[in-house]
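Right, one structure below, let's go through it.
The values are calculated or read from the model by the stated rules, or taken from the named source; none is laboratory data. Note that this is a predicted model, so its numbers are computed, not measured. Backbone-built Cβ (ideal geometry, glycine too); neighbour counts: all protein chains shown. Areas reflect the complete protein model, heavy atoms only, side chains present, ligands, DNA and RNA absent. Shrake-Rupley method; radii C 1.70, N 1.55, O 1.52, S 1.80 Å.
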2 protein chains.
Amino acid sequence: MMFPTILLAIDDAELSSELLSELSAFDDIKVCLPDDADANNAHMAACWHPDQALLTTFPNIQCLHSAAAGVDHLGKPLLKSGLPVARIVDPDQKQGMLEYVLWCVLNHHRDFDRALSHQSQQRWHLYPQVSASAVRVGVMGLGEIGGYVALGLAQFGYRLAGWSRSPKSIDGVDIFAGQSELVPFLERTDVLINLLPLNESTQGILNQSLFKTLPKGASIINAGRGGHLIESDLIDALKEGWLRRAILDVFTSEPLPVDHPLWTTEGVIVTPHMASSSAANVIAKQLRENVLRFNNGEPLLNKVEPF
Amino acid sequence: MMFPTILLAIDDAELSSELLSELSAFDDIKVCLPDDADANNAHMAACWHPDQALLTTFPNIQCLHSAAAGVDHLGKPLLKSGLPVARIVDPDQKQGMLEYVLWCVLNHHRDFDRALSHQSQQRWHLYPQVSASAVRVGVMGLGEIGGYVALGLAQFGYRLAGWSRSPKSIDGVDIFAGQSELVPFLERTDVLINLLPLNESTQGILNQSLFKTLPKGASIINAGRGGHLIESDLIDALKEGWLRRAILDVFTSEPLPVDHPLWTTEGVIVTPHMASSSAANVIAKQLRENVLRFNNGEPLLNKVEPF
């Protein structure tokens, strides 16, 4: 009998080793690394920033599986290879993202950012308390994670809008869809949260023109990808006082290099891509389920159309 | 006809002026300041840090009303005068406190405190993500506000315990009651939130012995009163690394003096008594309702027994 086999194409030593250990524990599948003798038997590759020569080196790969929620890290050639692409969908990861974003929204709404900055000057200053229902939060990207975050923030009392490529329906969230509704969405948004997937049409979307469409004093949160943001435009918008604050969890180069200006730009909070991740055992379980499905000719779970 | 009259004994110019304006708008009551000619007609005093000679100067006062949720600011002589004491109970204030405390709990749980501290060193370090259900939050004080906060945090997924003088019942919250259960409550608490009323039995309760009963690495949040905290004990517990962080919203002297060591103690976040307040129109509405009730011989709403 030929076991369904997963090739680990994971450019992260810790994650690779955790997945190897988790997947090895299943007795109905096999797992291998690129250097293993039987790597050529694999039909599915589990990917995190995989080698772009993957399909040349391993021509038997017939299916690509992201080891995360996003698929942009597979790179354009692989995403355009025509092979089916699936990804991880994890309720705990959605909750983790909501936790991250809620801290960020509260940080703006309840003036913790100002309190922290005043503390460094030993300055006591109280701002009038504002109701959550008066804070206009906007979520860009209403997929599995963005939709969950928008719903959770609305349930917590914020005035929510969401923007996505195609119209959605989420309780308590005003929906804006498509390029034509981006401007009205931004104009009504005090705290902007980016959770878009990164692709050709969203690359660099957080730019000067977007910032200037937000009301003066708005804050932005980027928990999507570093490629969504034009960093120099952000630094300018903060320096001139148009934006109040930016909380950034993702960067074009991670870890963010020690000498990168974002570390020290006033108004920027840098977090180390910590917003949300899936536990290795959760990823492994979904990889196993999909490799069994692929082997049996059944439809993959959580398949995506990246373009 | 003799109008029910409220005397404003409010040691806060802005609040006093707002309440004067709000209460003057009602046509079935009167409002006066201590210097007004008709101040002696008032039977009820609305108080915020009132003059301790209040009852000598105005012997017709028969009822004391806090202009806030707490009553400790009335001072012991007034609280022990035997006059009935009432206070403000405001749903928006409870929600404001939940918002404040949730930011503080997320700050510990999701390592934002560490991220902020690492940013100042341009250091990228990712901690493993922990589920909210693994974070043991403990709320001291389960009155109107504390009970609401404990329930809200439990609903958000945290592992909640609450401690109060007498047993309570709150969905999803393990209840500890009385002095004998304080130690087991503290021993299971990673993030301690103080929302107790300040009185003789709670004065100085946040002290070295309490800190040492918490597990090493715990954080504390004081949104009760400054008098609950022994500041030098806190500074010691942070300096020796027993406590991870303290978020303090209340102080024995407010505004916190510019040269106070808490401003600059590592691990302390100072916020300017901003956790939660009621809007003047909400306070005014409740004062009016109670002065009418008092005048009609009906029971006061939100009466408290301060000792």
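A few comments on the model shown:
- GNM result for chain B, Cα springs below 10 Å: residue of B:Leu287, B:Leu229, B:Leu126 fluctuating most strongly: B:Leu126
- Only alpha carbons enter this Debye calculation for the range A:17-89, each as an equal point scatterer, and the log10 of I(q)/I(0) it gives at q = 0.12, 0.19 Å⁻¹ is -0.31, -0.80.
- Measuring r between the beta carbons of A:Asn281 and A:Met2 and using R0 = 25 Å, the FRET efficiency lands at 0.45.
- Label-to-label distance for A:Leu83 and B:Ser253 is 6.9 nm, based on points extended 7 Å past Cα in the beta-carbon direction.
- Over the range A:110-164: Kirkwood hydrodynamic radius from C-alpha pairwise inverse distances, Å: 13.0
- Fraction of antiparallel bridges per DSSP, the protein assembly as shown only, in percent to nearest 5: 5
- Kirkwood Rh in Å, taken over the range A:159-307 so that all alpha-carbon pairs contribute: 17.4
- Whole-number percent relative contact order across chain A, with pairs defined as alpha carbons under 8 Å at least 6 apart: 17
- Accessible area that becomes buried as A packs against B, both chains, 1.4 Å probe, Å², nearest 100: 3900
- A simple spin-label model places the labels of A:Asp38 and A:Ser201 4.3 nm from each other, with each point 7 Å out along Cα-to-Cβ.
- Rg and Dmax, both from the Cα atoms of the protein assembly as shown and both in Å, are 28.3, 100.
- Evaluated at q = 0.09, 0.15, 0.18, 0.19 Å⁻¹: base-10 log I(q)/I(0), Debye formula over Cα of the range A:1-157: -0.48, -0.85, -1.04, -1.12
- Beta bridge orientation in chain A: antiparallel %, DSSP, nearest 5: 5
- Sites excluded, GluC sites (Glu not before Pro) in DSSP loops with at most 16 other C-beta within 10 Å, longest stretch of chain B: B:1-199
- Put a plus charge on the Cβ of each Lys and Arg, a minus charge on the Cβ of each Asp and Glu, and nothing anywhere else: the dipole of chain A about its Cα centre is then about 1120 debye.
- Hz values of 3J(HN,Hα) by residue in the range B:41-56 - Karplus curve (6.51, -1.76, 1.60), Gly and Pro given as x: 7, 6, 9, 10, 10, 8, 10, 9, 6, x, 4, 6, 8, 3, 6, 6
- Amide proton proximity set for A:Met44, modelled H, under 5 Å, gap of 5+: A:Thr5, A:Leu7, A:Gln62
- Value of relative contact order over the range B:10-122, rounded to a whole percent, pairs C-alpha under 8 Å and six or more apart: 18
- Placing pseudo-labels 7 Å out from each Cα toward the beta carbon at A:Ser166 and B:Asp27 gives an inter-label distance of 6.0 nm.
- Estimated vicinal HN-Hα couplings, Hz - the range B:241-258 in sequence order (Karplus 6.51, -1.76, 1.60; Gly, Pro = x): x, 6, 8, 7, 7, 10, 10, 10, 10, 10, 9, 5, 10, 10, x, 4, x, 3
- Volume per residue for chain A equals 144 cubic angstrom (convex hull of Cα atoms).
- Length added when fully stretched, A:Glu298-A:Gln179, from 0.36 nm per residue minus Cα-Cα: 39.3 nm
- Surface composition of the protein assembly as shown: carbon plus sulfur atoms contribute 49% of the solvent-accessible area (1.4 Å probe, protein chains only, all chains present).
- Annotation: per residue accessible area for chain A equals 43 Å², rounded to a whole number [probe 1.4 Å, protein chains only].
- Phi to ³J(HN,Hα) by Karplus 6.51 cos²θ - 1.76 cosθ + 1.60 over the range A:175-186, Hz, x for Gly, Pro: 9, 10, 9, x, 4, 5, 9, 5, 4, x, 4, 5
- Distance-filtered residues of the range B:201-237 - backbone nitrogen under 20 Å, label point 7 angstrom along B:Arg188 Cα→Cβ: B:210-221
- Only helical runs count toward this figure. For chain B, summing -39,500 (n - 2.57) over DSSP H runs of n ≥ 4 and dividing by all residues gives -9000 deg cm²/dmol at 222 nm.
- The range B:202-231-the range A:125-177 distance, computed between alpha-carbon centres (Å): 36
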